[in-house]
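The values are calculated or read from the model by the stated rules, or taken from the named source; none is laboratory data. Predicted model only: the values in this text are computed from it and were never measured. Backbone-built Cβ (ideal geometry, glycine too); neighbour counts: all protein chains shown. Just so you know, the surface numbers come from the protein's heavy atoms only, side chains and all, with ligands and any DNA or RNA stripped out. Shrake-Rupley method; radii C 1.70, N 1.55, O 1.52, S 1.80 Å.
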Amino acid sequence: TQSPSKLSDPSVSTPPGVLGHQGWADLPDKLLHSIVPLLGSFLDLIAFASTCRSWRAAFSSYPSKSTFCTKLPPLLVRPNVRVQAPHLPSSNGRHKLRTCKVIDLANQNIALRCQIPHETFQRMRFAGSSYGQLICCRRGNCLIVDVFTGAEVSPPCLPFSGDCEEEFYFGGTLTAPLASPNCQLLVSTRSSLFDWPVGSDSWSEIKLSDARIDQIVEFNGQFIAMDYSQRIYVLKLAPQLGLQEITTKWWDGMTECPYLRPWLVVCGDMLLMVDHYVSLSFGAPVLYKPYRLDMSTRPAKWVEVKKLDNWALFVGGDVRSPPFSCLSPEKWGGMSNRLYYAHYSQPWSVHGFGDAADAVWDPSTDPDLVYKRNWYGQLQAFWVYPSMFYSDGQ
């Protein structure tokens, strides 16, 4: 089911000069493509793509839209904050829709919103988000829905061997944009990792006897998986689904992760593992430390990163919502060497890494919101880039 884009802003309309000059619609794609990388915000991109049909087509065919995923901050979707939008439909024909608040950190005074099916709140369980798609499951039935266009894909039922009512979903991710011919959906449960090639009629499965898979990221052309015990694997999709462990060590030769609930994030040419620990000082109550994986040694080694020069990280409250990184955040009013942590009640808090932790900490922040990253039954605030950013040249 396809519906119009719902990354809506009532203040964005067709530029006034365009309607009076028919020649604007006839500008060559090469010229229009030279304009796209100069656009500095989501609102600029929306306005460009909304100008006319030919400009929208030029944006769609722009070959490097994915670069915006590191140049601009991700959008923050707040499912628990409902907004009034009488001009938007209340249903997409299959599901009732909830209109949710969306925040662009680069333009916080502009009201944005998206529409998400009520079913994802009331009946289904959040499994993850990936390439601008929300992934939810219930009783083995999965639903992939575009956060901003509302387009839906329903895979075949998962082949559970036990009681599907007792299954819990620890992760859901796509291996490529949904329209890509090699896109696959990966869903992690307590005892299995399932793989569905999009468009096919069946799943493949790896039985996990030791530890479930909690996170999967793409790094340097490979898929890296982390299990509940923080062991790292290369995930092979072909010729058949398989996991190959990457032996790693920490300081003093430790082979086990010293932290409780770390998460992986790709930051430029680094694969980082980030976690927190409680501070007993009078400054920031929680400190975050990033470590990069040095694969030039055998075994590979986690090396502390003292400062994230020119980078900011974004993470949501649910373990299954993917973290993001953004280069040179000062360009849109953010700050480098910072972690933007989304919350359910207040929009977000900002944390510094290393020596910046105490200086950045805002003592007025509710201490109960410092760190509650967990597996939640209710959909939490999450960061996302629109799916249109991942369709390079399409």
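From the coordinates of this entry, mean projected area of the Cα convex hull in nm² is computed, and it appears in (1) 26.3; (2) 21.0; (3) 17.6 under the label (2).
For the chain, the solvent-accessible area with a 1.4 angstrom probe is 46 square angstrom per residue. The string of couplings for the range 205-217 from the Karplus curve (6.51, -1.76, 1.60, θ = phi - 60°) is 8, 10, 7, 10, 8, 9, 8, 6, 8, 9, 7, 9, 10 Hz, one whole number per residue in order, with x for Gly and Pro.
Estimated at the nearest 10 Å², the accessible area of residue 123 is 120 Å² with a 1.4 Å probe. Modelled label positions at residue 26 and residue 50, each set 7 Å beyond Cα in the direction of Cβ, lie 2.7 nm from each other. How much accessible surface area, in Å² rounded to 10, belongs to the heavy atoms of residue 98 with a 1.4 Å probe? Looks like 40 Å² after rounding.
Lysines near residue 96 by alpha-carbon distance under 16 Å, same-chain residues fewer than 8 away left out - which ones? Straight-line reach from residue 96, under 16 Å: 6.
Projecting the Cα atoms of 59, 74, 102 onto the charge dipole of the range 57-102 (Cβ charges, centred on the Cα centre) puts 102 farthest toward the positive pole. Between the listed residues 265, 83, 127, the Cα displaced farthest toward the positive end of the dipole of the range 64-389, a dipole computed from Cβ unit charges relative to the Cα centre, is found at 83.
In sequence order, the range 127-140 has phi-based couplings of 10, x, 9, 6, 6, x, 10, 8, 10, 10, 9, 7, 6, x Hz under the Karplus curve 6.51 cos²θ - 1.76 cosθ + 1.60, θ = phi - 60°, and Gly or Pro positions carry x. In the chain, the DSSP-assigned H stretches of four residues or longer account for a calculated mean residue ellipticity at 222 nm of -2000 deg cm²/dmol, using -39500 (n - 2.57) per stretch and the full residue count as denominator.
Residues whose amide H comes within less than 5 Å of that of residue 286, counting only those at least five positions distant or on another chain, are 279 (H built at 1.01 Å from N in the peptide plane). Taking amide H as placed 1.01 Å from N in the peptide plane, residue 149 has its amide H under 5 Å from the amide H of 6, each at least 5 places away in sequence or on another chain. For the range 53-100, the ratio of Cα radius of gyration to the globular rule of thumb 2.2 N^0.38 Å stands at 1.64. Against the criterion of solvent-accessible heavy-atom surface with a 1.4 angstrom probe, 288, 376, 233 sort, most first, into 376, 233, 288.
What do you reckon, how do 66, 41 stack up by accessible area (1.4 Å probe), largest on top? Don't jump to the answer; show the numbers that get you there.
Values: 66 50, 41 15 Å².
Ranking 66, 41 by accessible area, largest first, yields 66, 41.
Take 260-267, 244-251, 70-77 and order them by the average number of nearby Cβ atoms within 10 Å per residue, most first; the result is 70-77, 260-267, 244-251. What you get for the range 64-389, charging only the Cβ of Lys and Arg (+1) and of Asp and Glu (-1), is a dipole of about 600 debye around the Cα centre. Using a 1.4 Å probe over the heavy atoms of the protein chains, calculate the carbon and sulfur portion of the accessible area of the range 64-389 as a whole percent. The computed percentage sits at 48. In this structure the amide hydrogen of residue 113, modeled in the peptide plane, comes within under 5 Å of the amide hydrogens of 8, 102, none closer than 5 places in sequence on its chain.
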